[in-house]
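Okay, so here's the structure we're looking at.
Where a number appears in this text, it was derived from the coordinates with a stated rule and is not lab data. Because the structure is predicted, anything quoted here is derived from the model rather than measured. Neighbour counts are summed over all protein chains in view; Cβ atoms, including those assigned to glycine, are modelled from backbone coordinates with ideal geometry.
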Amino acid sequence: MQEHIKDYIPKEAISKVLQLLEQDNLVVKIKNERKTRHGDYMRLPNGKHQITINSNLNEYRFLITLVHEIAHLEAYKTYGRFIKPHGLEWKRTFQHLMLPFLTPEIFPINLLPLLAKHFKNPKASSDTDVDLALALKQFDEPNDKTYIFEVPLESTFKLYNGKVFKMGRKRVKRFECTELETGKLYLFNPNAEVELIN
């Protein structure tokens, strides 16, 4: 079952992942890139469960995302459907499921301290953990994107959706950027990828 997953995760993690996926009512689909999410979990009307994951993720981010989504299913089965999607029950389940994978056989040694820190209190998205997100991006395919923290003050840049912004000052962690068309102020995480215009 779920044999196609083997092409997307570190080979040392395959047996552990296949054990997690040994469920008759679970379907895993690999999708083209979605800009707003790495993956998702859904209970289908027929009682089955579906996980979707983006095909463009590097093997380490794919593994984290897959276990993240399996944790939604396991939390649902254990605690019922009235829990918060990324509440305490999910966090505990995610921590428990992820722990066997946090080894130097599966993840590069430089990622392990960042993963250990992240999994003390996992967030809804690993992208909100700036240090971990930037460390994971070193394993992505090269692209022409620039991180927000690299954009010079007052420069303009655009997002994947075509919206154009002017770079502003840094707050404590995030950067103020003004959308040129509307004049609205937005806050960007430092690891957001954008395309510089000038």
* What residue among Gln50, Gln19, Gln95 has the largest mean-square fluctuation in a Gaussian network model of the chain, using Cα springs under 10 Å? -> Gln19
* Pairs to check: Lys31/Lys166; Lys48/Lys137; Lys16/Lys77. Give those whose C-alpha atoms are more than 30 Å from each other in this structure. => Lys31/Lys166; Lys48/Lys137
* **Gaussian network model of the chain, springs between alpha carbon atoms under 10 Å - residue of Asp129, Asp144, Asp40 with greatest fluctuation** => Asp144
* Asked: In deg cm²/dmol, rounded to 500, what helix-only [θ] at 222 nm does the chain give when every DSSP H run of at least 4 residues adds -39500 (n - 2.57) and the total is split over its residues?
  -> -8000 deg cm²/dmol
* **Computed lengthening from Gln50 to Leu134, 0.36 nm per intervening residue step minus Cα-Cα distance** => 27.4 nm
* Listed values (i) 10, 38, 37, 13, 2, 0; (ii) 8, 28, 32, 22, 8, 2, 0, 0; (iii) 8, 32, 32, 20, 8, 0, entry calculated as P(r) over Cα pairs in 10 Å bins from 0, in percent -> (iii)
* Structure fact -> per DSSP, antiparallel bridges as share of beta bridges in the range 3-137, % nearest 5, sits at 45 percent
* Provide the per-residue ³J(HN,Hα) series for the range 57-71, in order, calculated from phi with Karplus coefficients 6.51, -1.76, 1.60 and θ = phi - 60°, each as a whole number of Hz, with x at glycine and proline positions. => 6, 5, 4, 6, 5, 4, 4, 4, 5, 4, 5, 3, 6, 4, 4
* Structure fact -> If R0 = 45 Å, then Ile83 and Glu12, at their Cβ-Cβ distance, give a FRET efficiency to the nearest 0.05 of 0.90
* To do: Give the share of C-alpha pairs in each 10 angstrom bin for the range 30-85, from 0 to the last occupied bin, in whole percents, shortest bins first.
  => 23, 51, 24, 2
